[in-house]
Amino acid sequence: QTYIKEHDKTIKELELFEQVMIEFKNNNYNLTQHISDAVGSFFTYFDDNIIDYNRREEQTIFPILKEKLLASGEHNADKDNPHTAVDLMEDDHVSFIQSASLIFNMLGLAARIPDPASRAVICDLAYHTAVEFIEQLKLHVFKEDHTLFPLAHRLISENEFKKIAKS
């Protein structure tokens, strides 16, 4: 439940970021102070909260959940290299860092490019990468809230949850 509650704040931050990126596109990729501040605020939130949240998942609930998923047969058919839903979520975490870095760097680069056509190409790519990033992160939250965490609730004992809560 703690993780799900944290997702609510992340979704709100994503929606604000989405609104500002739409404003950025509709404003012909003019990086106003308002847009710049809002984008900076989102990336600060991403660095301070989402990265930390993902790390906590990976260190607390994911190891035991992966063990339980493997033991219960909730994994792919490859016996030599079984993958679970936890592996997919961890892959998403890496992908989010990559996408966020790309968006942040493209916007920083665009602000320094004097040629308007070149700047517009970079901004358009940053916008479309941001839209994809936002949708991927929303889907990730949905998968955790509606699939992964209910599996955890079913497979992890109360005592195991108490140990997780202490870590």
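Summary of values
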read-out	value
Test for Val131: is it open to solvent by less than 70 Å² (accessible area, probe 1.4 Å), modelled with pLDDT of 95 or more and within 17 Å of Gln1 (Cβ to Cβ)	no
Which numbered condition Asp78 misses (of (1) touching a residue at least 40 places away in the same chain (Cβ under 8 Å); (2) over 30 Å from Leu16 (Cα atoms))	(1)
Extreme residue, farthest from Glu90 (Cα to Cα), among residues of region 115-162 that are part of a helix (DSSP H, G or I) and of a type in the set (Asp, Glu)	Asp124
Test: residue in region 3-10 that is at pLDDT 95 or above, open to solvent by 30 Å² or more (accessible area, probe 1.4 Å) and of a type in the set (Asp, Glu)	no
Elements of type helices (runs of 4 or more DSSP H) in region 25-84, at least 2 residues being among the acidic types (Asp, Glu) and open to solvent by less than 80 Å² (accessible area, probe 1.4 Å)	51-59
Test: residue in region 9-29 that is farther than 18 Å from Glu132 by Cα, touching a helix residue (DSSP H, G or I) at 6+ places or on another chain (Cβ under 9 Å) and among the basic types (Lys, Arg)	yes
Matching entry among Leu155, Leu102, Leu65 (being among the aliphatic types (A, V, I, L, M) and closer than 22 Å to Glu13 by Cα)	Leu102
Scope region 112-144; condition without any contact (Cβ under 8 Å) to a residue 24 or more places away in the chain and basic (Lys, Arg); matching residues	Arg112
Residues satisfying the stated conditions in region 137-167, i.e. under 26 Å from Phe42 (Cα atoms) and basic (Lys, Arg)	Lys138, Lys143
Of all residues making up region 85-100, the number that are hydroxyl-bearing (Ser, Thr, Tyr) and exposed (fewer than 12 other Cβ atoms within 10 Å of the Cβ)	0
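The values are calculated or read from the model by the stated rules, or taken from the named source; none is laboratory data. Everything numeric here is computed off the predicted structure, so don't read it as measured data. Cβ sites come from the backbone with ideal geometry, for glycine too, and all protein chains shown count toward neighbours. Heads up: the accessible areas ignore ligands, DNA and RNA and are worked out on the full protein's heavy atoms, side chains in. Shrake-Rupley method; radii C 1.70, N 1.55, O 1.52, S 1.80 Å.
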